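Structure record follows, encoded as structure tokens.
The values are calculated or read from the model by the stated rules, or taken from the named source; none is laboratory data. Every value quoted in this text rests on a predicted model; they were computed, and no experiment measured them. Glycine also receives a Cβ, built like all others from the backbone with ideal geometry; neighbour counts cover every protein chain displayed. Just so you know, the surface numbers come from the protein's heavy atoms only, side chains and all, with ligands and any DNA or RNA stripped out. Shrake-Rupley method; radii C 1.70, N 1.55, O 1.52, S 1.80 Å.
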Amino acid sequence: MHRIYLDNNATTPLLPEVFEAMRPYFGDQFGNASSIHHHGQQTRAAVEDARESVAALLGCAASEIVFTSGGTEADNLALTGLTGEGDHVITSSIEHSAVLQTCRHLEETGAELTVLPVDGRSLLDPADVRRALRPNTKLISIMMANNETGVLQPVEEIGKLAAEAGVCFHTDAVQAAGKVAIDVKRIGCHALSISGHKIHAPQGIGALYVKKGTRIQPLFHGGRHERSRRAGTENVPGIVGLGKAAEIAKQALDRGDTQKMAAMRDRLEQGILAQVQEVGVNGEGATRVPNTTNLHFDHIEGEALVIALDLKGLAVSTGAACSSGAIEPSHVLIAMGLRPDQARASIRFSLGKQTTESDIDFALALVPERVARLRAISPTYNKQVVNT
């Protein structure tokens, strides 16, 4: 069966160019990047080249990049490394669990926490951030792009508020990197997280931007790696892969490739809306990353639709991969004001660099037919049809 993959917000396939860049570091170039002999210096050079590439993608100095095992570790390092007992932290109700659960942990261990609401478009009002500030506020952590809806938050406005208040600002840019241009100076953040496997690099590698002069306490102890900010022997193949993926992403952004992706996303979204009744766009009216649309298909269960589509060769998801199998509806969609049944009926379609127009054609032919079949056996839909 020919399979189409439209779940790139969960993970992206490794680009061939990225794999080829990594290949030597699984074999002949195996040295420890902390060793001073030839083998070590060979891999050290590769690590630093990758650091330059990641820095170029984010608009910062290479010395401000800390390599991690992924976005979750980067978020944890930022949140726990910039706060302490008695500090006040501000975040939003739609953050990824890597941020929300870490914030809850900080609260349990002595920090104060404010979780701000969003509107029906999944947007945070910067005025709410201003009102939430306290004398002991130490950190604001607001994501750049939501992983479920793709909605972009007003991070530059929030960065200005943080600067005025003398407060640190962290943004989770895992779902924004490679999809929209990022300039940490314009954002005004002190820390920014990215993850390799969201931009066609391997799983198990990520990075945290830490603004020069920002003091951050490490999560791990045991070495002076990453300028004493992240102990542990460097994952050289993963770092090289992230560097190559960052270089490719930067080139694509400079060429304007994301406009083509946005056009394909819009064609998919509009095509479904034109063919299927009682469908809505979650986050409609807000600026989104170019690859993501999240739709609620009323009167069906989202997981049933995911399975039905997968059986015919189309991979999509009901939301965050880390929450797969959860009984509760998406906290993001509930925070936006969707009814629980609408949240459970929501499907995320997310495109990648490998997505083609024929993939969109396939989805547009399949989704309406599968929705119709599921609604035919839906007691709520059949009851509605009878009543009308």
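Some points to look at:
- All of (1) without any contact (Cβ under 8 Å) to a residue 60 or more places away in the chain; (2) assigned to a helix (DSSP H, G or I) hold for G86 with one exception: (2).
- Unmet requirement for F297, which otherwise passes all of (1) over 19 Å from E64 (Cβ atoms); (2) open to solvent by 10 Å² or more (accessible area, probe 1.4 Å); (3) in contact with an Asp or Glu (Cβ under 9 Å, 6 or more places away or on another chain); (4) hydrophobic (A, V, I, L, M, F, W, C): (2)
- Residue satisfying condition, being open to solvent by 40 Å² or more (accessible area, probe 1.4 Å) and closer than 30 Å to L314 by Cα, within set R3, R44, R23: R3
- Selected residue (criterion: surrounded by the fewest Cβ atoms within 10 Å (Cβ to Cβ)) from residues of the range 52-71 that are under 20 Å from the mean Cα position of the chain (by Cα) and not in a helix (DSSP H, G or I): G59
- For the range 350-369, the count of residues that are surrounded by fewer than 19 Cβ atoms within 10 Å (Cβ to Cβ), modelled with pLDDT of 95 or more, in contact with a strand residue (DSSP E or B) (Cβ under 8 Å, 6 or more places away or on another chain) and in a loop (DSSP other than H, G, I, E, B) is nonzero.
- Residue list for the range 204-224, restricted to those being over 19 Å from I142 (Cβ atoms) and surrounded by fewer than 24 Cβ atoms within 10 Å (Cβ to Cβ): G204, K212, G213, R215, Q217, P218, L219, F220, H221, G222, G223, R224
- For D49, the requirement of being open to solvent by 20 Å² or more (accessible area, probe 1.4 Å) and of a type in the set (D, E, K, R) is met.
- Condition broken by S317, with the remaining ones in (1) farther than 15 Å from D7 by Cβ; (2) open to solvent by 10 Å² or more (accessible area, probe 1.4 Å); (3) in contact (Cβ under 8 Å) with a residue 40 or more places away in the chain; (4) under 20 Å from the mean Cα position of the chain (by Cα) satisfied: (1)
- Residue ranges of helices (runs of 4 or more DSSP H) in the range 209-288 with at least 1 members hydroxyl-bearing (S, T, Y): 225-228, 257-275
- Qualifying residue in the range 235-258 (condition: charged (D, E, K, R), over 17 Å from M144 (Cα atoms) and modelled with pLDDT under 95): no
- The range 155-192, residues that are of a type in the set (D, E) and touching a helix residue (DSSP H, G or I) at 6+ places or on another chain (Cβ under 7 Å): E156, E157, D172
- Taking the criterion of being farther than 18 Å from M143 by Cα and in contact with a Phe, Trp or Tyr (Cβ under 7 Å, 6 or more places away or on another chain), the residues of the range 49-87 that qualify are C60, E64, I65.
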